[in-house]
Amino acid sequence: MMGITSSKLISMQQAIAEHVPSGSMVLLGAQLEAMIPFAAGHEIIRQGRRDLTLVGPISDMLFDQMIGAGCVSRVMAAWVGNVSAGMGYCFRRAVERSIPRAIETVDHTNLTIALALHAAAMGVPFMPTYTTLGSDLLKRNANLCEFHSPVNEERLVAVRALRPDVAVVQVQRADASGNAHLWGNLGVAIDGARASRKVIVVAEEIVAPEVIASDPNRTLIPGFLVTAVVHEPCGAHPSSVIGYYGRDHAFFHEYHDQTRELDGFERWSNRWIAEVPSRAAYLQQLGEPRAGNLRVREHAFSAPVDFGF
Amino acid sequence: MTTGVQSGATASRFSRSDLMVVAAAREIHDGEMVFVGMRLPMIAFVVAKRTHAPGAVGLFENGVMRDTPASELLYTMSDPPNLLKASYCGDMLSVMSLLQQGRVNVGFLGAAEVDRFGNLNTTWGSRDAQPIRLPGSGGACDIASLSQRTVVLLEHTRQRLVSRVGHITSPGNGTGNGWRRGQGLPLRSGPSAVITTMGVLRFGEDGEAYLASVHPGVSVEDVLSNTGWTLKVAEDLAVTPEPDAAALAVIRELDPNRFWTKS
């Protein structure tokens, strides 16, 4: 093994305790409906974080849970809800009735969130775009500013750079230094990791550095950007991690049905977050038959690439 | 809700959702680049691919591009069957960049509200005069701003087809012809069709929606009384074609439990 590397492997509990203090701006759910770091979000809830700003394109129902738990004072996202089921009831209660607390919403689109993170990743104050021209999003989001192009006659929107304090990115495999392989749909994960001050990589598997180095094209987050590495198998359930497990669609629909009212959310949250101290305990409660049904039924390996010379 | 009841022979053969899926599929022409979106359009894309538009390419804002249809029902665009054998898996900007270049022919959207000029609201709704916070844009505003043609699918009620949306999440024709250009939105972009549970609306030169076809068994009066403004009706008003057996077979194969296409 070459180079001087030190292990960044720590527990989820420690990673959240050390790197996600109250008041942080946190990027979660960078890969949209897949690979959502639910285990990290649940640990943030258990540790009682407050006044977080959540950043992400959609994050499916994770944002709803964190809002319901009272962790959040502001959401900067394109969409907050439950993708295959519909609305997020905690999000609605918070925005409409300040339950459990009032939250500020900064409404983006998927493209403007991507460009905000891209601007920060590029180290520039904004990125130009045509999207949102004529919309009420442009009028109500102070991070979207109309301007006249300096090189032609067009009007454009400047999307202000967004630099999260910490990005939590779920990946398939990483080495102990944080060099991470991820595949499937990438969403805003690459720019999100580059834009953020700290990066927590949550990996299904920890592998030897040689495995990562064998395919540097797939090393989408280089280890030197990574602050902490957490080994958390099934850390994205009920979302999918391709090559490891599928999406637990029913889990999303059960959450939707059971959290229409506040007391329903509290029961759900006690059962699946408060009363399960770790992801291992969560998986035990989920039960092997259900977890087993989600595992890969038929592998579909890509052809190896040759880095030989 | 089953359509075709009045015509007897077709009763319960297909649902309104089936009809909408097939109408949506017809908006996809062979060889086009399609921003597929969620729910019924995910099925419509597969129907189009396997019937009249085998050369269509599907783009998904999560970073996926496909020139073959997914083999299983999708609940979300990031589900493993949508990644397996995709033509491309990358990041959001690699897909959105093609959209912003103007290379995407048609994009599909849902909405809580659509108005007479095709503006969409997915941010704020209301029930019993109380505001309801909806999930927001996702990629809808991007698609409505940047794709050559936008096709909207929604339930046809007076609450959803309104004279003026309370909040423009995704711009249509604004206040009429010329508005998009005035806002700086790209030329050759804008709303093309609104496929509802009762019919299909299209847009005239003035930027205003008109009723282009009614679904089988639906009367024009039904449509007008369920629309929140005085909807214009095409002189050559058509009846939306029924789904044929080939299209229905694809839908049944993809959604055997009728998760998306029951009603």
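Here, each number is a calculation from the coordinates, and none is a lab measurement. It should be emphasised that the depicted structure is a prediction, and the values quoted were computed from it without experimental measurement. All Cβ positions, glycine included, derive from the backbone under ideal geometry; neighbour counts span all protein chains shown.
Relative to the compact-globule estimate of 2.2 N^0.38 Å, the Cα radius of gyration of the stretch B:34-104 comes out at 1.00. Between B:Tyr88 and A:Ser22, the simple spin-label model (points 7 angstrom out along Cα→Cβ) gives 4.6 nm.
Please build a GNM for chain A, connecting alpha carbons under 10 Å apart, and tell me which residue among A:Leu186, A:Leu54, A:Leu133 fluctuates the most. Of A:Leu186, A:Leu54, A:Leu133, the Gaussian network model singles out A:Leu133 as fluctuating most. For a straight C-alpha distance cut-off of 18 angstrom, the lysines reachable from A:Lys8 (same-chain residues fewer than eight places away being disregarded) are A:Lys198. Counting charges near A:Pro125 (Lys, Arg +1; Asp, Glu -1) among other residues having Cβ under 14 Å from its Cβ returns a value of +2.
Counting only Cα atoms, the size of chain A along its three principal axes is 58, 53, 36 Å, in decreasing order. The label point for A:Gln14 and the one for B:Ser219, both projected 7 Å from the Cα toward the Cβ, are 7.4 nm apart.
Inverting the mean 1/r over all pairs of different Cα atoms, compute the Kirkwood radius of chain B and quote it in Å.
For chain B, inverting the mean 1/r across all distinct Cα pairs yields 18.5 Å.
Between the stretch A:138-157 and the stretch B:138-199, the alpha-carbon centres lie 21 Å apart.
Grouping the Cα pair distances of the stretch A:103-142 into 10 Å bins from zero gives a pair-distance distribution of 28, 54, 17 percent in increasing distance order. Within the stretch B:231-259, find all residues whose amide N lies under 13 Å from a label point positioned 7 Å from the Cα of B:Asp206 along Cα-to-beta-carbon. Correct set: B:231-234.
Pulled fully out, how much extra length does the chain show between A:Ala213 and A:Asn270, if you take 0.36 nm times their separation in residues and subtract their Cα-Cα distance?
That pair, A:Ala213 and A:Asn270, stretches by 16.3 nm at full extension.
With a Förster radius of 30 Å applied to the C-beta separation of B:Phe259 and A:Ala291, the computed FRET efficiency comes to 0.85. Note on the protein assembly as shown: Cα-Cα pairs beyond 39 Å make up 25% of the total pair count.
GNM remark for chain A: springs join alpha carbons under 10 Å apart, and the peak mean-square fluctuation among A:Pro164, A:Pro216, A:Pro128 falls on A:Pro216. Compactness ratio for the stretch A:182-242: Cα radius of gyration over 2.2 N^0.38 Å (N = residue count) comes to 1.12.
For the stretch B:165-171, backbone phi angles converted through the Karplus equation (6.51, -1.76, 1.60; θ = phi - 60°) give residue-by-residue couplings of 5, x, 8, 8, 7, 10, x Hz, Gly and Pro being listed as x.
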